[in-house]
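Visitor: Mind having a look at this structure? Questions to follow.
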Amino acid sequence: MATAHSRIWQVVALSDHLAEAEFVVQRVLQLRGPSPTTPPTTPPTTIGIIYRTNAHAISFERLLVREGVPYVLAQARSIYA
């Protein structure tokens, strides 16, 4: 049985980075719970979004802001450091 804290991976084919961002943000909203004023189903500090390029960050940020989801943009690290 899966719980809210289970590690479940899902592969979804979407048409472009905008559809990808929409899908991910909708999933974040589902995990957050029925309302921003009720306790979250999944603690927000356990949710992360990993994207391929910095250019994709803008799509995620716009949708997160639109939906009122607080977020922190982590600093990129070089794989060669």
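The values are calculated or read from the model by the stated rules, or taken from the named source; none is laboratory data. Just so you know, these numbers come straight off a predicted model, no measurement behind them. Just the protein is used for accessible areas: all its heavy atoms, side chains included, with ligands, DNA and RNA removed. Shrake-Rupley method; radii C 1.70, N 1.55, O 1.52, S 1.80 Å.
Visitor: Quick check: at a probe of 1.4 Å, how many percent of the accessible area of region 21-63 sits on carbon and sulfur atoms?
Guide: Accessible surface attributable to carbon and sulfur in region 21-63 totals 62 percent.
Visitor: Follow-up question, since we're still on this one. Report ³J(HN,Hα) in whole Hz for each residue of region 37-50, in order, from the Karplus equation J = 6.51 cos²θ - 1.76 cosθ + 1.60 where θ = phi - 60°; Gly and Pro get x.
Guide: Those phi angles translate into 8, 9, x, x, 5, 10, x, x, 6, 9, 9, x, 10, 10 Hz.
Visitor: In addition: How long is the gain from Thr41 to Ala55 if the chain were fully straight, where each residue apart is worth 0.36 nm and the alpha carbon distance is subtracted?
Guide: Full extension of this stretch gives 2.0 nm more.
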